[in-house]
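Heads up: the structure comes next, in structure tokens.
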Amino acid sequence: MQLTHSEIPLEFLSSLPEGMKFIHRGKGYMVVEEILCPNGHSLIAESVRIHDEPSIKLHLSVALESGLIFIDAFWGSHAKLYNFIPKIATETVYATATCPVCDVSLNAPYDCHELGCGSHEGIRLHLPGGQGTISVCARHGCPGHRLEVRGAPPRLVETVSAINFFGEGGDDFAAF
């Protein structure tokens with residue numbers, strides 16, 4: 001899997017929220033380096049790395065299958081590893097996520113902005129220090145995600161939230 005590049009506005013990078021970092025791999029990328037459940041447990045998995053960065057670990061249920069999912073921490077990437085095989089459904093299916101430490105639900109209301117989705121359900125992860133959240137559409141197959149950062153200009157947050165990149169070599173486009 002190879003990352004493709006999307007520009008991140010310099011104005012956003014100058015006030016990068018706690019829990020996010022900017023790295024250079026030939027080009028600049030934004031990476032989630034700390035993310036929490038509502039009870040404050042870290043969802044970062046140092047032992048499972050994607051693109052040489054720690055991944056984000058959740059317990060996930062999709063239809064009748066469940067297990068752990070490890071999500072690429074590069075902002076906008078949809079690379080992931082499962083320890084189970086989710087069955088691809090022909091009907092609309094929503095993922096249910098919980099913290100792998102305390103089992104608290106991560107699902108929350110979310111109005112997806114992806115064209116044609118229409119989901120009102122998402123998975124919400126918390127940045128440290130109460131600075132904001134990352135919400136991901138819970139509809140299986142939808143790449144929708146949104147960053148909320150307290151105090152950041154809405155136009156910048158919209159620009160960063162719209163970043164979706166898909167690498168070569170088999171990344172599927174689904175968030176879950």
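The values are calculated or read from the model by the stated rules, or taken from the named source; none is laboratory data. A quick note: this is a predicted structure, and the numbers were derived from the prediction, not measured. As a convention, Cβ positions derive from the backbone with ideal geometry for all residues, glycine included, and neighbour counts pool all protein chains shown.
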Counting only residues that are small (Gly, Ala, Ser) and under 17 Å from Val62 (Cβ atoms), which one in the stretch 102-129 is surrounded by the fewest Cβ atoms within 10 Å (Cβ to Cβ)?
-> Ser105
Just give me the residues in the stretch 106-137 being without any contact (Cβ under 8 Å) to a residue 40 or more places away in the chain, within 17 Å of Glu158 (Cβ to Cβ) and among the hydrophobic types (A, V, I, L, M, F, W, C), in sequence order.
-> Cys112, Leu115, Cys117, Cys137
Leading residue by the ranking (modelled with the lowest pLDDT) among those in the stretch 121-153 that are among the aliphatic types (A, V, I, L, M) and within 10 Å of the chain's Cα centre (by Cα) | Leu147
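Listed here are the residues, each with its yes/no results for (1) buried (at least 16 other Cβ atoms within 10 Å of the Cβ); (2) aromatic (Phe, Trp, Tyr); (3) in a strand (DSSP E or B).
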site: Arg49; (1), (2), (3): no, no, yes
site: His59; (1), (2), (3): yes, no, yes
site: Gly76; (1), (2), (3): yes, no, no
site: Glu91; (1), (2), (3): no, no, no
site: Ala95; (1), (2), (3): yes, no, yes
site: Pro100; (1), (2), (3): yes, no, no
Here are some conditions: (1) at pLDDT below 85; (2) touching a strand residue (DSSP E or B) at 6+ places or on another chain (Cβ under 7 Å); (3) farther than 20 Å from Lys57 by Cα. Ala162 meets all but one. Which one does it not meet?
-> (2)
